[in-house]
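Note sheet for the following structure.
The values are calculated or read from the model by the stated rules, or taken from the named source; none is laboratory data. Keep in mind that what you see is a predicted model, and the values were worked out from it rather than measured. Note that we place each Cβ from the backbone using ideal geometry, even for glycine, and neighbour counts take in every protein chain shown.
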Amino acid sequence: MSVTTSSQGRSVIVTGAGSGIGRATALLFAEEGARIVIADVDDAAARAVAEEVQRAGGTAVTVIGDLREQTVVDRVAATAVEEFGGIDVLVNNAGIMDSMSAAADTGDDEWDRVIGINLTAPFRLTRAALPHMLAAGKGAVVFTASEASLRGSAAGAAYTASKHGIAGLTKSLAVMYRDKGIRSNAIAPGGTLTNIRVDADRGAHGPAALAPYMGNVGSPARAEEQAAAIAFLASDAASNINGAVLPVDNGWSAV
Ligand code: NAD
């Protein structure tokens, strides 16, 4: 068996593909010959990535909207089916980290926003994709979880709960659908150089803003290093890996 991750002709949905880990993932899958649905709330960013894919000779379409809305979720799944004939790979990656509050300081709005984007939206999109994967008898779902899926994290109550939820969803799917040809895995990134919004109040973005929360992270990852792990987990080379939450953190979680 080859250990390359060729995705030739596969229909791949990547959420949050306008930036960071999602962008790197979309570009990597496109390089491997996959056709990509780029789903993001940021219109300009999503279109820029689609153009990058197209300039490199690949195929990508965009679906713009907030994935907290069921209509947007439905449009993402329908676009993959209508444009590319099905859904081979679903990468549930979009997420925010702009609530760093401890539980006592976490308001309902903050809780609902973080859980809505980081946990409910990936659940709903997976639910929308599953009938197509079941009909095909195959499919791979990969989530972008977090080191906050593995332990209590300084990233705050809502974020940590949302990412633990993603780990649970990853494993539940693996157990419930492993006999149907569907695999579900997650990466658990440590600090990674992206544009992630860290603190809504201060408008802070990216690695510098992450620094106070990262503790002894060592050197942060590049988005491409997370993308490589996602592509591997989605590939046939990972055919017996199901229900894994794979740290991609240069040993941070091992300390
Ligand atoms: P990023 O901000 O660079 O990219 C996230 C993308 O998701 C953006 O393009 C944004 O517009 C999109 N998005 C956000 N909310 C959305 C919504 N409601 N609907 C549709 N699109 C939406 O950040 P990133 O670091 O690449 O984040 C990707 C994932 O990685 C997230 O799930 C995040 O929790 C996870 N993660 C990141 C780090 C890190 O250090 N960067 C660490 C662990 C986990």
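Contact map, segment 84-100: residues that are over 20 Å from T170 (Cα atoms) paired with residues that are among the basic types (K, R) and modelled with pLDDT of 95 or more, Cβ distance under 7 Å, separation 6+ or inter-chain. Pairs shown: F84/R35.
Name the residues in segment 38-56 that are within 8 Å of the ligand (Cβ to nearest atom) and touching an Asp or Glu at 6+ places or on another chain (Cβ under 9 Å), would you?
Passing the criteria: V41, A46.
Yes or no, residue by residue, for (1) at pLDDT below 90; (2) crowded, with 18+ Cβ neighbours inside 10 Å:
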{"site": "A154", "(1), (2)": "yes, no"}
{"site": "Y159", "(1), (2)": "no, yes"}
{"site": "D179", "(1), (2)": "no, no"}
{"site": "A188", "(1), (2)": "no, yes"}
{"site": "N195", "(1), (2)": "yes, no"}
{"site": "P207", "(1), (2)": "yes, no"}
{"site": "S219", "(1), (2)": "yes, no"}
{"site": "A223", "(1), (2)": "no, yes"}
{"site": "L246", "(1), (2)": "no, yes"}
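The residues of segment 144-185 that are within 12 Å of the ligand (Cβ to nearest atom), in a helix (DSSP H, G or I) and over 15 Å from the mean Cα position of the chain (by Cα), listed by number, are A158, T160. Candidates are the residues of segment 49-60 that are among the hydrophobic types (A, V, I, L, M, F, W, C) and buried (at least 18 other Cβ atoms within 10 Å of the Cβ); the one that is farthest from I36 (Cα to Cα) is V49. Looking for whichever is in contact with a strand residue (DSSP E or B) (Cβ under 6 Å, 6 or more places away or on another chain) and hydrophobic (A, V, I, L, M, F, W, C) here; the options are L134, L90, L119. Which one fits? The unique qualifying residue is L90.
When the residues of segment 94-111 are filtered to those that are more than 18 Å from I64 (Cβ to Cβ) and within 12 Å of the ligand (Cβ to nearest atom), the one that is modelled with the lowest pLDDT is S99. With respect to (1) under 15 Å from the mean Cα position of the chain (by Cα); (2) over 22 Å from G165 (Cβ atoms), the lone exception for I117 is condition (2).
Matching residues to (1) touching a helix residue (DSSP H, G or I) at 6+ places or on another chain (Cβ under 6 Å); (2) of a type in the set (F, W, Y); (3) closer than 21 Å to K138 by Cα; (4) within 15 Å of the ligand (Cβ to nearest atom):
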residue: S7; (1), (2), (3), (4): yes, no, yes, no
residue: S11; (1), (2), (3), (4): yes, no, yes, no
residue: R23; (1), (2), (3), (4): yes, no, no, yes
residue: I36; (1), (2), (3), (4): yes, no, yes, yes
residue: G58; (1), (2), (3), (4): yes, no, no, no
residue: V63; (1), (2), (3), (4): yes, no, no, yes
residue: Q70; (1), (2), (3), (4): no, no, no, yes
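The residue that is nearest to the ligand (Cβ to nearest atom), among those in segment 72-82 that are without any contact (Cβ under 8 Å) to a residue 60 or more places away in the chain and not β-branched (V, I, T), is R75. Residue under question is A135, and the condition is that it be of a type outside the set (D, E, K, R), more than 17 Å from the chain's Cα centre (by Cα) and part of a loop (DSSP other than H, G, I, E, B); does it hold? When the stated conditions are applied, A135 does not pass them. Within segment 29-39, is there a residue that is out of contact with any strand residue (DSSP E or B) (no Cβ under 6 Å at 6 or more places or on another chain) and either without any contact (Cβ under 8 Å) to a residue 24 or more places away in the chain or of a type in the set (D, E) (or both)? Scanning segment 29-39, I find at least one residue that is out of contact with any strand residue (DSSP E or B) (no Cβ under 6 Å at 6 or more places or on another chain) and either without any contact (Cβ under 8 Å) to a residue 24 or more places away in the chain or of a type in the set (D, E) (or both), so the answer is yes. A residue that is crowded, with 21+ Cβ neighbours inside 10 Å and hydroxyl-bearing (S, T, Y) occurs somewhere in segment 131-148. If we keep just the residues of segment 74-97 that are touching a helix residue (DSSP H, G or I) at 6+ places or on another chain (Cβ under 9 Å) and surrounded by fewer than 22 Cβ atoms within 10 Å (Cβ to Cβ), which is nearest to V141 (Cα to Cα)? Residue satisfying both the conditions and the ranking: G86.
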